[in-house]
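Notes to accompany the following structure.
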Amino acid sequence: MTWRTGTYSRKLLDTEEGLTEVWQPRQGLATPPEGGANTNVDKLKDRLVLFSANSSPSCMELANRIAERLGVELGKTEVYQDSNGETRIQIQESVRGKDVYIIQTISLDVNRCLMELCVMAYGCVTACARSVCGVLPYLPYSKQCKMRKRGSIVCKLIASLMCRAGLTHLITVDLHQKEIQGFFNIPVDNLRASPFLLQYIQEEIPDYHNAVIVAKSPSSAKRAQSLAERLRVSIAVIHGDAETDLLDGRHSPPTVRTTGGLPELPFCIPKEKHPITVVGDVAGRIAIIVDDIIDDAVGFVAAAEMLRERGAGPIIAMATHAILSADAPRILQESAISQVVVTNTIPHSSQKLQCCKIKTVDVSLILSEAVRRIHCGESMSCLFHNIGADD
């Protein structure tokens, strides 16, 4: 097993929405020896079919990168929406007895993307595919993985839907909660993007040894601690009333208190939160705010303002999944954040046109390696080297 080091490269890819600049890390994963694993892929290539389930050309960028790294061509499919809004999939080549890998990146039209994946997976099962593996870099509805009031655990519903559609394996990146793997009754490989983000910090941020990793809330402290320990830098945590609790109560007590039968239950004492504060020294240091998802960007912007008041600078926001919904690009562009580092697990070329601070890190290397190892029956342990339980 050999390890290659070298310089990174940037590529500009033409999409419908403009130019996408992607930072490609050096080859940090183990490369197969000559005549080894690549030969296995060549022998099994006739049994591997790679599909992209997305109907939007801008969402096929990651699928094309994975196919290029594997040395295969994307399978021929036709994905479109009827005039009544129904999703139609036409698989234009035989998948009988083959191992199918469906790559699906989630755009802002989440429900359409989910139907595209499920309809294509069901179509492959109907066409007698040997196995159907879903490659979802970002799992939609993963933030709805806990019961809130009279709601439901929607992520469990989505997991059941994917399994019933015919998926036999799932590859994803940085699940919002690792316990989500238990929602599936199929194998789930939860890959990590932290090695790529760490490499970006080391190669692109000058004097990163003077940085401090900031958790914008106590819930993201473990992630921040993991990055800080690997970079040999300190950690800071933003704590206080800026973090609002989502109450689990039903807010419908009986209008008349009953006296007979059951004893009175004690009520929980309400919380009294301290004013928002930064735990840790950030003055005069590079502040890197980390989390797994950046959606409306309000939390990141509020944390950046707090850090600037404490004398930190420059301030960098870093996350794996860039949903960047609503006015998030404009909010980030006008904020105190100098750089927003995200990965290409979710296409965001249109958002980059609105915010020039967004830098994209390519993670197609680890996704393509996961597909290759699963298809060749090799161990996945190489992809989790030095990955701890809290990462």
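The values are calculated or read from the model by the stated rules, or taken from the named source; none is laboratory data. Quantities reported herein were computed from a predicted structural model and do not represent experimental measurements. Counting neighbours? That spans all protein chains shown, and the Cβs are built from the backbone with ideal geometry, glycine included. For accessibility, only protein heavy atoms count, side chains too; no ligands or nucleic acids. Shrake-Rupley method; radii C 1.70, N 1.55, O 1.52, S 1.80 Å.
Here is how the numbers come out for the structure above:
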{"read-out": "Separation of the Val110 and Lys76 label points, Cα + 7 Å toward Cβ, nm", "value": "3.6"}
{"read-out": "Packing-based ranking, highest mean first, of 166-174, 152-160, 328-336 given that Cβ atoms within 10 Å are counted", "value": "166-174, 328-336, 152-160"}
{"read-out": "DSSP bridge pairs, the stretch 51-170: antiparallel proportion in percent, nearest 5", "value": "35"}
{"read-out": "Listed pairs Lys146/Lys178; Lys156/Lys352; Lys146/Lys352; Lys216/Lys357; Lys76/Lys352 exceeding 24 Å between Cα atoms", "value": "Lys156/Lys352; Lys146/Lys352; Lys76/Lys352"}
{"read-out": "Net length gained if the chain between Asn190 and Glu272 were fully extended (0.36 nm per residue, minus Cα distance)", "value": "25.8 nm"}
{"read-out": "Accessible solvent surface per residue of the stretch 258-347, calculated while the other protein chains remain in place, 1.4 angstrom probe, Å²", "value": "50"}
{"read-out": "Per residue, the convex hull volume that the Cα atoms of the stretch 35-192 enclose (Å³)", "value": "126"}
{"read-out": "For the stretch 88-228, accessible area per residue (1.4 Å probe, heavy atoms of protein chains only), Å²", "value": "43"}
{"read-out": "Solvent-accessible area, 1.4 Å probe, carbon plus sulfur percent, for the stretch 300-391", "value": "50"}
{"read-out": "Calculated FRET efficiency for the pair Lys156/Arg88, C-beta based, R₀ 45 Å, to 0.05", "value": "0.95"}
{"read-out": "Nitroxide proxy distance, nm - points 7 Å out along Cα→Cβ at Cys356 and Val279", "value": "3.9"}
